[in-house]
Structure formats: C-alpha cells, structure tokens
C-alpha cells in the first residue's frame, strides 16, 4: 500500500490527531524506500529525454543511456585505482544476444524475449527504424553516426524479425565502437510513429517528454530543471536485473549545498563540485570520492596560427615553455588531473593518446625563443575562456597571464558567456584561448582527425593546417581499418611528434571526472560519456 | 468602481505592447547564437544551420516578430530550449512556487516589521528603537544568498533541525494534487498532512531569508510614517480628549500611517518576486527567477520574453490592487485612471 493512500484513508477518521504523530508511523516505510532509492544531486538536469532530439544536453545523455538499450555495449575492465572502467576493445551483446562481424557487414541476432516498456516485443523493424532515425534527424546524432561511417538508411537491413544486418560503406575501425555509443539506441517504433506528425515524422516531440525504450529504467516523472524520477523496468532482459529500484535525480544549483547534502548523508551521489571540495572530501574520508581521467580528453591552450604573432612556431614554442604548468596543477586543480607536460627528454613517443609533451616551465628558454622570433619586448594579446567552466578556466587564465607578463607579453582576459562560446569558436578569430576536447571514441586518430586535421573542423580551433599532418592522420585511419599495425604505429607516433614540435595547441593536463558518493553506494563504473550507469549500482 | 478598473486595465494595454516589443528586440540583441549553443559540442556548421532553420532564426526579424505576436495572441509563449517545455506551462507551474515563498516571506516580514516599527515610533530613542535600527541595517546590508547560506549551514548542516534544501518538498513526499499551485493550500485541500508538514518545513528557511532582507524597508517606513502621524494635530486632539493610548495608536494613528506602508509593501512584493533568484538558487527552489536567469545565460529567448511579460502583467495587477486597497483604507483617496 502506498503511504499516501494509507494516509488518506486514515486521515478521514482522525485528521487532526494524526498530523503530529505521522512522522513516527512513516519512518520504517521511509527507510525501506530509502535503501532501494538512489538520490542523485547535480547542478543541471536534462532538457530532453531523447538523445536524437534537437539540442539535447549532456544530462539528457544519462537518461538515454539508462532508459534505452543499444545492440551492443562495452565490457568492463579494472581501471585506475581498481574502479571498473569500460573496455574500449571488448564488446558485449546488449539487445542483441549474438553478433557476427564480417568483412563488410555485421549481423545482429536480437533477444526474442526483449520487450519495450509498454510490453510490445523488440523486433528488427524497431532496430532499423531507430538507426534510420539516428542517421536522418540531423544535428548531433547524425554527426556522431557519421563518425563511424554510418550515414545512409540503406545500410541497415532487416534479415528477419529478429535479425538485423548493418552494411559498411567502407572499412572503418570506428564503425563497431560507434554502434556502442549512446546515439544508436533502440526506440519503440510503433509507439513513436503513432505520436508523430507530418511536421515531425520521427516523433521527436513525443520522445522529448517520455522515454519509449526497452532499457533498464523508465522515466516516470520529469520536471524540467527540478527533478527526474526513474523506476526500474522489472521486465528488463538485456542484462542482470539492477539492484536500485528507483532513481531520484534532483537539481541543486548551489555547489555548497550539494556538498552539505552529501556530508549529512541525505544525498547518495553527486558530481560537478569544485575541485577544492573534492580534495577536502577525499582527505576527510567520510565519503567515497572517485577521480578518473577523461578518456581521450585534454585541456589545452590554443593559439590561432593564421595570425601573427602565433603564426611563428618559435613564438608557440616560447609559449609552451612559459606555461605555469605545476602552478595550474596545484592551485587550480588541487592535483586532480594527469599532467600532460614534462616528459623525460629521452622518453620515446608512445602509440597512445593523450601523452605528455616534453615541455616544462622554463622562462629563460622562453625568453630566448621569443627574442629569436623577433619579439624580445613581448607583444599584446587576449586570452579567452568559456564562462560556463569559469571555476577552472578563470584561475587558469590568470596564472597564464601572470606568467606571460614576465616575458613582456601583455594579456587581457576575455570572458565569453557560455551561450556565446560556440559562436566564438566557430569564428576562429580568438588569438589565444583555453578549452577542453574529449572524444567518445578513444582512438588517437579520432582525436587528431577532429583537432589537427586540415579539413578544419570546429575543434581545430587553431585553424592549423599542415599537409604532412593530414597525410599522417589519414594514413593512420586507413592503416587501422586494414589492421596494418606497423604502419599505424608509425603514423600515430608521427603525428604526435609533429603536433608537439609545431605546437599549435599546448596540452596542459588530462582532466578528471570526479564523483563523490556515500560509502554504502557501490558499483560505480566509468563510461566514455562520463555519466552514471545506474544498472550496476547498489546500496547498502 | 468596476468601470474604473476596466479603464485602468485598458490604459495598461499600450504599456504591455511596449514591453512585448522591447523584450523581443532586447533578446535578439543579446550576444550569442542559440542555434550554435543548442547544436551541441560536436556540431558542424551544417548542423548549426539546420538547427537555426528548425528554430526559425534564419527568417528576417520582422517575420519572426509577426510570428511571435500571432502565437502570443493565441496564448502561446513558445517553448524553452533549455528545459524543452512550453514556456506558458512552465511559468504556470513555477509562478506559484515563487509566489508562495514570497508571500510567506512577506507575511513573516510584516509580522515582525510592523510591530517593530510602531513600537520604535512610539518610544523613540528607547532600546526598541535601537533594536529596530540595528535589525534593519543588518537586514539590508546582508546579501540574501549569504543569509541563505548561513541559515542552511547552521540549521541544516550543523544542527540538523531543518530539512535538506532540496526544493519545495522532501524527496520521498509526493506533491498534493494541484488546485492553486500553493503546496500549503493544496495539501490542506487534499488533507495530506504529511505533504503539508514537508512543504512547510521546506519553506521556513527560504522564507526567513527573504523576510530578513525585506524587513528593513517595511520597518523603516512604518516607523517614519508613524512618527509623522503621531506628531499631527488629530492625534494630539485624540490624546487630549482622554482616549486610551492603545486606542489612539491602533485606531487613529496606525490606520493613517498605513498608506505609505502599503505602497512600500507592494514594491517590496513585486521586487522580491522577481529578485529572489539568489534565494531560489540557494534552496534549489523551482521558481520563476532562477528559470529566467538560466534562460538568459543560454540566450533562450522564449522564456525570457515570457518572464518579462508575466512580470509586467503582475505589476499592472498589483498596482491596481494597491490602488483599490488605498480606497478601502482611506476613503479620501479616489480611484482614478
């Protein structure tokens, strides 16, 4: 019996007398609900429950991940500090019970007992419709699918009711990993089609407000900007039944209050806290704080190489020697990051990304390089950052400003409001700036393709163009597709070396994702999307 | 009287039209490109253009305005991009949250400030007068988010008397069925006393925070206005006629001192309603202030326009109400257009 129903029936009899004693009666019920409920507090919440929607934000990805199934997912391995970390190279079936990778296609056998939240069975036509939708709606989902060479509806073929084949357009090592990201989720096609309209053939308006998947959880209540309530789907068959029955996710804008809620034991888990708080909570040991590096992610200082003074490689190298690396690590990040500088001189370049540069803070060397480039007396420039991440960016830029002043470089700090940041990046006019890039697909060539390639994507924020670099990146992609390890290794070390010598962007550190939780919360897993997977979590 | 109210409302129409035009132009003049913002971190230029087209931002300004006004005439305020919900529905659900908090804060404030002001005026220079001065100065000089955080720290974090600052209800309590949108009232209507208790205990700290802040103008105005009235001829006459001091102060002086206090109250109320963003942020309160600010940060036009329009309508209605109240308190005041 629900507490409120019970209360209602009793309140008719003894309305006045009951009120003061009520808390005592409800406590056991409350405690029970508490142990099976996960209470998450975070700053922001989703703006759309469907990752295929227009402008779905990152918290929305978390809902999609837990409420929808994909054909395949990743296995877990033991990561830094023994925390389970997704295994980039190992895939496990999720909605598919079996899959078979051929030369130019992959075939998935679906689970016959899988059902959507409304009870309709999951069949091949749902899978095809969902993948068609992902490559057709435009915007982010379509873009993400194309990263794995999945661009045309014709690629998705229904073999029979429970078999689907995905044809490859070309050999691409990223196709299979791209089928395991959040975007290619399977949607209840009949239900959504019923609620679609001529103007909105993919039913995006419908799935924005409710989940129509077959995943382990379903959204039962969503008040935008306030809370999301998710209940377990007891019929879920794509994995072991999760232990958490109910997830309540509340938005608490004040970081101080989120910490207070955790320390008082009222909230179970939170992220997005200032580094200082994480550091202190780690030190006092009352809570479990997990800090793991962003996979394939780097915070960097970028320089616009199309305009003086940064068109001169000597100036860029001087900048790389003038960065106050250690100060940033200590004063801004409180040690919660992997340094991406100061590798030993004789250390060979690895076939890995991210990896540290050989630069370190050396003002004398910087001065000499600057004089060589003809800027002995320095110059004036502007450093820009995104105010949405002011907690890190602002002190970081102040430290850089201070350090550059020693070389006679006068730096003005330009704070760009979050809404404006994307526009400014696209314009590619900022001379000097700091930013983070991290790729869902954890491959060096993927990172370099977006950030250093001459096709000048939005993430090549420096407008860096080098035919030699393009050749190496393209070479690595082809070598990866053909499984030619020797050529691949040569190309990867080649482009890493070139990126460090030419240094259009100065890597600073690999950021950490920090999550603080109660000691009784177990089963946290690190995923490439850096959001929570409730399915593995448990309390008590 | 009804004719007067009708006339007043008619006069409000031009100013509302002005508000619509100005907010439309102002939001368009904001820096930042909503299409680029909502295209997400990995968008290409084509993706951004696609989204811009979907949102209708590629059309000329005048066409966008015509479309906006037609929608508005049909009661459609557009949809928010950040929360993905229709603006009208969100304002409807968030306005009661802000109003409930503000009203309760104002009531607490009035209950403390008016007696304090009256007592300070009747005994100038006494300890109560000094108390009044100290509280008002402190109340005004402490920023609301600071008072809020201190209260949370002391009463929630240290003492544990107050529930977690998690919005309008305890996490495990469900909201009463909506009638007025005010949880306290709705919970009573539904006879759901647990929800009532939960809503009330969640309200206390933010309401006290607001009260501390709004105490000052009300107490100062009461004191000043009481002092002026107490020095006037009719009070001297009343005293000379041998009326008891209580009767002189409450019946004669206080009623006459009420007018400026009512004016201040209306100003404080409308100011608090829009400006308690910080309190809403500290207590995770789902009100309209934080809604508008978040929308502004994301250059999300529709909610900002909707918020400004709602506030304009509220101001018009509030002023009308105050004018009517004037007439009730002091028959000499005529309600005129």
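How far is helix B:288-297 tilted off the main Cα axis of chain B, in degrees rounded to 10, range 0 to 90? With both axes taken from Cα atoms, the answer is about 40 degrees.
When chain B is treated as a Gaussian network with alpha carbon springs shorter than 10 Å, the biggest mean-square fluctuation among B:312, B:97, B:292 belongs to B:312. The modelled label-to-label distance for the pair residue A:193/residue B:241, using points 7 Å beyond Cα in the direction of Cβ, is 8.7 nm.
Using a 10 Å cut-off on Cβ to Cβ distances, tally the other chain neighbours for every residue of B:165-174 and report the average as a whole number.
So the per-residue partner count for this stretch is 6.
A Förster distance of 41 Å, applied to the separation of the beta-carbon atoms of residue A:371 and residue A:146, puts the FRET efficiency at 0.30.
The distance between label points at residue B:188 and residue B:200 comes to 1.0 nm (points 7 Å beyond Cα on the Cα→Cβ vector).
From helices alone, chain B scores -23500 deg cm²/dmol at 222 nm; the rule is -39500 (n - 2.57) for each run of n ≥ 4 DSSP H residues, then divide by the residue total. The angle separating the long axis of helix A:467-482 from the principal Cα axis of greatest extent in chain A is about 40 degrees. Taking label positions 7 Å along the Cα-Cβ direction at both residue B:317 and residue A:78, the computed distance is 6.4 nm, reported to one decimal. Among A:269, B:128, B:21, a tally of other beta-carbon atoms within 10 Å of each Cβ gives an order, fewest to most, of B:21, B:128, A:269.
Once C-alpha pairs closer than 8 Å and six or more residues apart are averaged by separation and normalised to the residue number of chain B, the relative contact order reads 27 percent. Dividing the mean sequence gap of close Cα pairs (under 8 Å, 6+ apart) by how many residues chain A holds gives a relative contact order of 18 percent. Measuring r between the beta carbons of residue A:235 and residue A:43 and using R0 = 45 Å, the FRET efficiency lands at 0.85. Please state the relative contact order of the stretch A:297-512 as a whole percent: Cα pairs under 8 Å, 6+ residues apart? Computed value for the stretch A:297-512: 34 percent relative contact order. By other beta-carbon atoms within 10 Å, ranking B:328, A:219, B:152, A:58 with the fewest at the front produces B:328, A:58, A:219, B:152. Mean residue ellipticity at 222 nm, helices only, chain A: -10500 deg cm²/dmol; runs of at least 4 DSSP H residues each add -39,500 (n - 2.57), and the sum is divided by the number of residues. Relative to the longest principal axis of the Cα atoms of chain B, the long axis of helix B:301-329 lies at roughly 20 degrees. Between the stretch A:382-414 and the stretch B:103-170, the C-alpha centres lie 41 angstrom from each other. Per-residue shielding of B:296-303, expressed as the average number of other chain Cβ atoms within 10 Å of the residue Cβ, stands at 3. Relative to the current alpha-carbon distance between residue A:101 and residue A:36, full extension at 0.36 nm per residue lengthens the span by 19.5 nm. Applying 1/(1 + (r/R0)^6) with r as the Cβ-Cβ distance of residue B:141 and residue A:331 and R0 = 30 angstrom yields a FRET efficiency of 0.40.
Throughout, read-outs are computed from the coordinates displayed, never taken from laboratory work. Treat the numbers as computed from the prediction; the structure is a model and nothing was measured. For neighbour counting, all protein chains shown are included, and Cβ atoms are generated from backbone atoms with ideal geometry for every residue, glycine included.
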